[in-house]
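The values are calculated or read from the model by the stated rules, or taken from the named source; none is laboratory data. All values derive from a computational prediction rather than experimental measurement. Backbone-built Cβ (ideal geometry, glycine too); neighbour counts: all protein chains shown.
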Amino acid sequence: MEKKSMIGAWVTRVYDPEKAAGTLKFTDDLSFGSELLYARAARSTIPCGKIVNIDYSEALKVPGVVKVIVGKNFPIHFGIYLKDRTAMAVEKVRYIGEPVALVVAESEDAAEEGALKVRVEYEEETPVFDAAEAMKENAPLVHPDLGSYEHVSFVTPVPGTNIAQHFKIRRGDIEKGFEEADQVLEESFSCPQIAHAFLEPHACICLQDPVSQEVTIWSTAQSAFTLRELVAKGLELPLHKVRVIAPPIGGGFGGKAGITVEPLCLAAALDPDIKGRPVKLFVPREEVLTTSWVRQGWNTKVKMGVKKDGTISAMKVELVFDTGTSAEYGANPVRSAGYTSMGCYYVPNIWTDSYGVYTNKPFGGAYRGFGLPELMGGLEAVVDAIAYRIGMDPIEFRLKNLLKPGLPTCTGMPMPPHALDKIIKKVAEKIDYHREEPPVRKGWKRGKGIALAIKAPAMPADASSSATVEILGDGSVKVLAATMDMGQGAYTAYAQIVSEELGVPMERVKCYYPDTAAQPYDWQTVASRSLWSMGMAIKRACEDARSQLLALYAEYWQCNPEEITIEDGIVKCPKLGKAEPIDEKTQNGFKMPDGKYKGGPIIGRGHFVPPDVVYPDLETGQSEKSVVHFTVGAVGVDIEVDPGTGEIVVNKAVAGYDAGRVISPLNVKCQIEGGTVQGLSAGMFEGIYYDKNGKLLTPDFTDYKIATTMDVPWEIESFCEETPEDPSPYGNRGVGEHSMISPAAALGNALYKAIGIRIHQYPFTRERVYMAIKAAERGEKDFWG
Amino acid sequence: MTKREVHFTLNGRSVTYEVEPRTTLLRALRHHGVTSVKRGCEEGECGTCTVLLDGVPVKSCTVLALEVEGRSVLTAEGLVGKDGKLHPVQQAFVEEGGIQCGFCTPGMVLTTYALLKKNPDPSEDEIRLALAGNLCRCTGYTGIFRSVKRAAELLKDQA
């Protein structure tokens, strides 16, 4: 009987039993004893202005308050791509909610009470809330010092403006392309900022040893090592003097990547009066929106030219991202959308400007999909609209213009192999796209829509991973791979890989949560990169450990390593008729035939860095290998709308992606289901809103709606195609983020079919849909309200 | 603030906590190391702090600790057998992809447990309604619905 492969095996997920029992400890669940102090921020009440005076004398009178720290005590700039952010406002505030002082106390209650007693005097300045306004000449500058901020080479701020990032694509002859077109259509779509709404709020505990100056951080962090690096750089400490421990996190979606709330907590822990005592910063739900990133608001304008036969001849894309008060991380989704701005289509002539623009609002950063829901929310609507305009079926139009393998993307990089054509046809078939069906609910309107998805891991060219695999003295295996398993199921897939490569049962493999002092380096748990990049490192570490073990057994048994197998934890040499379970010899050494001991603990090492990514040219965006690879897919939805209320019900959603190779089917299925609902939730409900003074109106789950059990499609079907990736551990590529990219766009296309009017503003709330239906009744074809 | 004693049954055993009158059940439980009860919002909106109070799911952030005097509180840890075996409801969540990050899971499990006690064979509508007060951002609820159905089966097999 052939051995059953663990790659692609249907297995349940590691750590799920502890999660079901409630015994897994998250950051907020850890105990630090009675020396623990608590920090709470006092926050700006105005959107823009100079700090004239901060009076915290009353805060200090609150029993239990030990210290109040203000921005000028800790003026260090932190940031991953563009260092435009300090832990607290220094001299100037830039949005309502920005931390202006940090109250440190013996209890959480005292810290909170103290924070309420801080009084700040401001000299108000003119704010700017709208990204389009902020781009105009003479707009008030959110960061007058933009030119002096440190940034990575592939981010291009425009000093003297509010443009924190400007990414360009210049390919082909755009004017000629539009001249060749028989139809030209220009449309724009927009969406407010949205929230990650992970259920675990940020929490962080920081401690500095007063003697060694070493800093230890326990944090709800997706990326322990990048956090370590950014803290070490900011504090000018060597890397080994910063230790980041990242306990399990309760959802990330990008909102806990890079560096988030940690600098605020460090401001207290590093204070000379506090140093030596651990300080905890728990961010209450209502402050999560103002302290951490949101998804950037966006306006996507697409001008598309097509020939009579339906071929796209040219495309001009303008993406404006409202990045709020910081583009520290948000500069990169702006790039990601830019270098993928052809979508899933071959466009011979393309011109793209993608901007990240400062406004006086909470700041935008990484969010599942990373620039692509923002692009596809506009592009996929335009594709449907232009197909209708030329009288072509939207599916046929997509297939005709598909970015087939080998054709150049907008950066000139040849598109790698994929099976998107097959996926599109399958999705269309599964929602019966071409069949007009009567609504299930009496008096409602039914429509079906489809949208495509594409995304590459958006990361520096040299984002690396490493892992060690240690075979313990009883044949169980310790895997050190510093990915954060935040629910995506990385450790399950890693255990499958180790089981496959070493021939040990999966139950005997253990992966540990990140700790920079114990584990080897990994860049970040972002970009849907882990099972690909860390997967390579783990597979190589297994190969290393296995060859060490086989070499020792070969000498011990006096045979060739090739004659030895390991199955189910048993080492066998069929030729010699020998078989034994892995035992303490692998730890303590083998007593060889010559009577001498050899070996010792077996630790396999593996590392990986993408070999050949070239940053796109800053003026043209061209690069022979702009990204490591692309994952593509399609979403179809069958919906109904109640014309009396504007309510949308999703009868069925179908989503398919080219995963290259599915390693962990349960995880892939659940990632697709979760991302589809998150995408539909964004499309139907989600938006962060402010009053005219920039004060947040949606600070909780009552006003910031996310999908509940009552809002979920009645059926979700997911599937994968498997066109192998190379290089890749097993041909696999990421799918974690992709499921969130296009559900909202598919919803928009279905909505148009149902109600006959194109809504240009996300989300498609009941009120907006109802108003659009009324506009459609008046004969209008577009709704902008 | 002066502390007062509150006596109640926690997962089948009698306990006495000393609490301030303003302390919520959520904070009291967590202070005593019962950390399966999560603080996701402390505003009664997310359901991650759900406990069963005399068998009824409540959000422990909206209950004062002193209110549970003489009553019975069940948390997710309390469903696990003495032999370390998961309760069938918990097992079903593991089997059917009802868990991702795990932060909503204890609350989801308890609400499901209460639903199936009352209604051993719920319809899809009844499941959705029963779980409407527990938010989940990872799973899209789809795996959770499968888990509830599977839990119903497992409990029937057990009965």
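Residues to consider are A:Thr45, A:Thr86, A:Thr12, A:Thr27; find the one that is under 23 Å from A:Thr260 (Cβ atoms), touching a helix residue (DSSP H, G or I) at 6+ places or on another chain (Cβ under 9 Å) and in contact (Cβ under 8 Å) with a residue 12 or more places away in the chain. Can you show your working first?
Details: A:Thr45 fails: touching a helix residue (DSSP H, G or I) at 6+ places or on another chain (Cβ under 9 Å); A:Thr12 fails: under 23 Å from A:Thr260 (Cβ atoms); A:Thr27 fails: touching a helix residue (DSSP H, G or I) at 6+ places or on another chain (Cβ under 9 Å).
Checking each option against the conditions leaves just A:Thr86.
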- Query: Give me the pairs: first residue in the range B:73-93 and at negative phi, second residue at pLDDT below 95, beta-carbon distance under 9 Å, and six or more apart or on different chains, which are they?
  - Reply: B:Pro88/B:Asp157; B:Pro88/B:Gln158
- Within the range A:22-35, restricting to residues that are over 24 Å from the mean Cα position of the chain (by Cα) and more than 10 Å from chain B (Cβ to nearest Cβ), the one that is surrounded by the most Cβ atoms within 10 Å (Cβ to Cβ) is A:Phe32
- Item | Of all residues in the range A:259-287 being more than 14 Å from chain B (Cβ to nearest Cβ) and among the basic types (Lys, Arg), the one that is nearest to A:Glu112 (Cα to Cα) | A:Arg277
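Looking only at the range A:718-739, how many residues end up being facing chain B (nearest Cβ under 10 Å) and over 22 Å from the mean Cα position of the chain (by Cα)?
First, pick out the residues of the range A:718-739 that are facing chain B (nearest Cβ under 10 Å): A:718, A:739.
Filter once more, keeping what is over 22 Å from the mean Cα position of the chain (by Cα): none.
So the answer is 0.
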- Kindly indicate the residue of the range A:413-430 that is part of a loop (DSSP other than H, G, I, E, B) and touching a strand residue (DSSP E or B) at 6+ places or on another chain (Cβ under 6 Å) and also nearest to A:Thr620 (Cα to Cα) among those meeting that condition. A:His418
- Considering only residues that are surrounded by fewer than 24 Cβ atoms within 10 Å (Cβ to Cβ) and not charged (D, E, K, R), look in the range A:631-644 and name the one that is farthest from the other protein chains (Cβ to nearest Cβ). A:Pro643
- Restricting attention to the range A:645-666, does a residue exist that is in contact with a Ser or Thr (Cβ under 9 Å, 6 or more places away or on another chain), more than 16 Å from A:Leu747 (Cβ to Cβ), within 11 Å of chain B (Cβ to nearest Cβ) and in a helix (DSSP H, G or I)? yes
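Does A:Ser5 qualify as being part of a loop (DSSP other than H, G, I, E, B) and closer than 30 Å to A:Ala59 by Cα? Full working, then the answer.
On the way: part of a loop (DSSP other than H, G, I, E, B): yes; closer than 30 Å to A:Ala59 by Cα: no.
In short, no.
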- Any chance you could count how many residues in the range B:17-34 are facing chain A (nearest Cβ under 10 Å) and in contact with a Leu (Cβ under 8 Å, 6 or more places away or on another chain)? 3
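Tally up the residues in the range A:345-399 that are of a type in the set (Phe, Trp, Tyr) and either more than 30 Å from A:Phe198 (Cβ to Cβ) or modelled with pLDDT under 95 (or both), please. Full working, then the answer.
We begin by selecting, within the range A:345-399, every residue of a type in the set (Phe, Trp, Tyr); these are A:345-346, A:351, A:355, A:358, A:363, A:367, A:370, A:388, A:397.
Right, trim to either more than 30 Å from A:Phe198 (Cβ to Cβ) or modelled with pLDDT under 95 (or both) and you get A:345-346, A:351, A:363, A:388, A:397.
The total comes to 6.
Which residue is farthest from A:Val128 (Cα to Cα), if the candidates are limited to the range A:22-57 and must be of a type in the set (S, T, N, Q) and in a loop (DSSP other than H, G, I, E, B)?
Taking the range A:22-57 as the starting set, the residues that turn out to be of a type in the set (S, T, N, Q) are A:23, A:27, A:31, A:34, A:44-45, A:53, A:57.
Filter again for in a loop (DSSP other than H, G, I, E, B), leaving A:23, A:31, A:34, A:44-45.
Details: A:Thr23: 47, A:Ser31: 43, A:Ser34: 45, A:Ser44: 16, A:Thr45: 15 Å.
Among those that are of a type in the set (S, T, N, Q) and in a loop (DSSP other than H, G, I, E, B), it is A:Thr23.
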- Note on the structure: If we ask which residues in the range A:131-164 are among the aliphatic types (A, V, I, L, M) and either in the same structural domain as A:Phe78 (by TED's automatic domain parsing) or under 22 Å from A:Pro192 (Cα atoms) (or both), their number turns out to be 9
- Check the range A:102-114 and report whether any residue there is touching a residue at least 12 places away in the same chain (Cβ under 8 Å), over 25 Å from the mean Cα position of the chain (by Cα) and more than 22 Å from A:Glu287 (Cα to Cα). no
- Return the only residue of A:Lys72, A:Lys19 being within 14 Å of chain B (Cβ to nearest Cβ), of a type in the set (Lys, Arg) and not in a loop (DSSP other than H, G, I, E, B). A:Lys19
- Message: Considering only residues that are facing another protein chain (nearest Cβ under 8 Å) and either touching a Leu at 6+ places or on another chain (Cβ under 6 Å) or closer than 20 Å to B:Val34 by Cβ (or both), which ones fall in the range B:69-97?
- Response: B:Thr75, B:Ala76, B:Glu77, B:Leu79, B:Val80, B:Leu86, B:Gln90, B:Phe93, B:Gly97
- free of Cβ contacts under 8 Å to residues at least 12 places away in the same chain and more than 10 Å from chain A (Cβ to nearest Cβ) - does that describe any residue in the range B:120-138? yes
- Say we look at the range A:699-733 and pick out the residues that are in a loop (DSSP other than H, G, I, E, B) and touching a strand residue (DSSP E or B) at 6+ places or on another chain (Cβ under 6 Å); which of these is nearest to A:Val613 (Cα to Cα)? A:Arg733
- Looking for whichever is surrounded by fewer than 24 Cβ atoms within 10 Å (Cβ to Cβ), of a type in the set (D, E, K, R) and within 13 Å of chain B (Cβ to nearest Cβ) here; the options are A:Lys669, A:Lys692. Which one fits? A:Lys669
- Query: Which is part of a helix (DSSP H, G or I), within 27 Å of the chain's Cα centre (by Cα) and more than 30 Å from A:Ile7 (Cα to Cα), of A:Ala772, A:Ala750?
  - Reply: A:Ala750
- Task: Would you mind finding the one in A:Ala221, A:Ala232, A:Ala197 that is of a type in the set (A, V, I, L, M) and without any contact (Cβ under 8 Å) to a residue 24 or more places away in the chain?
- Result: A:Ala232
- Filtered residues of the range A:113-149 (kept if exposed (fewer than 12 other Cβ atoms within 10 Å of the Cβ) and more than 18 Å from A:Ala89 (Cα to Cα)): A:Lys136, A:Glu137, A:Asn138, A:Gly147
- Task: With respect to A:Gln524, determine if the residue is touching a helix residue (DSSP H, G or I) at 6+ places or on another chain (Cβ under 6 Å), assigned to a loop (DSSP other than H, G, I, E, B), touching a residue at least 12 places away in the same chain (Cβ under 8 Å) and of a type outside the set (Phe, Trp, Tyr).
- Result: yes
- Message: I'm told A:Pro248 meets every condition in (1) closer than 17 Å to A:Ile80 by Cβ; (2) assigned to a loop (DSSP other than H, G, I, E, B) except one. Can you identify the failing condition by its number?
- Response: (1)
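Confirm whether A:Gly736 is within 21 Å of A:Thr340 (Cβ to Cβ) and either part of a loop (DSSP other than H, G, I, E, B) or at pLDDT below 95 (or both). First the steps, then the outcome.
On the way: within 21 Å of A:Thr340 (Cβ to Cβ): yes; either part of a loop (DSSP other than H, G, I, E, B) or at pLDDT below 95 (or both): yes.
Judged against the criteria, A:Gly736 is a match.
Considering A:Gly535, A:Gly503, which residue is more than 29 Å from the chain's Cα centre (by Cα) and under 24 Å from A:Arg13 (Cβ atoms)?
So the residue among A:Gly535, A:Gly503 that is more than 29 Å from the chain's Cα centre (by Cα) and under 24 Å from A:Arg13 (Cβ atoms) is A:Gly503.
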- Task: Give the residue, chosen from A:Ser728, A:Ser718, A:Ser681, A:Ser742, that is surrounded by 18 or more Cβ atoms within 10 Å (Cβ to Cβ), more than 18 Å from A:Ala453 (Cα to Cα), touching a residue at least 24 places away in the same chain (Cβ under 8 Å) and hydroxyl-bearing (Ser, Thr, Tyr).
- Result: A:Ser728
